[in-house]
């Protein structure tokens with residue numbers, strides 16, 4: 001774990017040829033869905049001192065209200081990027097994750113806004129649904145396809161909540177072929193992180209950044225541009241670039257007899 005990220009987490013009280021992000025050419029077989037457990041919704045603690053701005057904050061704004069928003073998101077483990085009072089893409093991605101966890105609906109009309117209701121919800125927010133309560137006491141990653149949110153748990157405590165963009169469900173031209181492939185789906189199931197590919201790598205369907213593979217060399221959690229508020233990938237799990245810069249340092253990969261961090265994907 002990198003020192004800057006360790007400091008951020010600790011300060012918040014937490015501690016070759018590459019396949020594309022799609023399994024096969026032609027229709028993809030859906031993975032067997034596992035039962036979703038732990039539907040009890042917990043309450044995150046309120047933090048004294050946070051006061052909603054009382055007006056809509058919009059992408060590109062800057063000032064004290066934005067800095068307060070960033071600090072509150074960070075306290076709740078939604079990584080907003082640098083706490084600098086600038087409402088940029090990193091902070092907005094953290095807002096999207098928060099909104100989805102709280103049950104707010106994101107649309108093209110409000111995707112770049114932080115509304116008054118959203119700010120009020122930051123005072124007494126709900127925590128993400130626990131998908132696999134016994135999925136890994138030490139360390140585990142849960143990806144909720146319904147909310148487009150990734151949660152990293154350490155000793156059953158949340159260390160990181162990230163917005164993601166998963167399989168968009170569309171059809172596309174197969175690599176090196178004129179045939180149609182798809183649909184673009186992120187498979188549900190239980191996996192482990194296997195290998196890590198640093199930096200930008202070229203795959204048949206595009207490029208990926210800092211890729212943490214969990215199905216062979218086909219599916220990964222990776223950085224990309226863009227990572228929109230809606231599902232848009234070929235099947236991989238896209239995360240914001242600022243989080244992709246350190247995410248691989250928070251998990252373990254399979255080496256010899258040591259198994260990688262569990263990854264649970266539910267729809």
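Of everything in region 104-128, what is out of contact with any helix residue (DSSP H, G or I) (no Cβ under 9 Å at 6 or more places or on another chain) and under 19 Å from residue 158 (Cβ atoms)? Give them in sequence order.
If the condition is that a residue be out of contact with any helix residue (DSSP H, G or I) (no Cβ under 9 Å at 6 or more places or on another chain) and under 19 Å from residue 158 (Cβ atoms), then 124 is the only one that fits.
So which residues in region 145-159 are surrounded by 20 or more Cβ atoms within 10 Å (Cβ to Cβ) and under 20 Å from residue 194 (Cα atoms)?
150, 151, 152, 153
Do the conditions hold for residue 178, that is, is it under 30 Å from residue 74 (Cβ atoms), surrounded by fewer than 22 Cβ atoms within 10 Å (Cβ to Cβ) and not assigned by TED's automatic domain parsing to the domain that holds residue 95?
no
Would you check if residue 152 is assigned by TED's automatic domain parsing to the domain that holds residue 255 and either in contact with a helix residue (DSSP H, G or I) (Cβ under 7 Å, 6 or more places away or on another chain) or under 20 Å from residue 96 (Cβ atoms) (or both)?
Judged against the criteria, residue 152 is a match.
The values are calculated or read from the model by the stated rules, or taken from the named source; none is laboratory data. Since this is a predicted model, take the numbers as computed values, not measurements. Cβ coordinates were reconstructed from backbone atoms using ideal geometry, including for glycine residues, and neighbour counts include every protein chain displayed.
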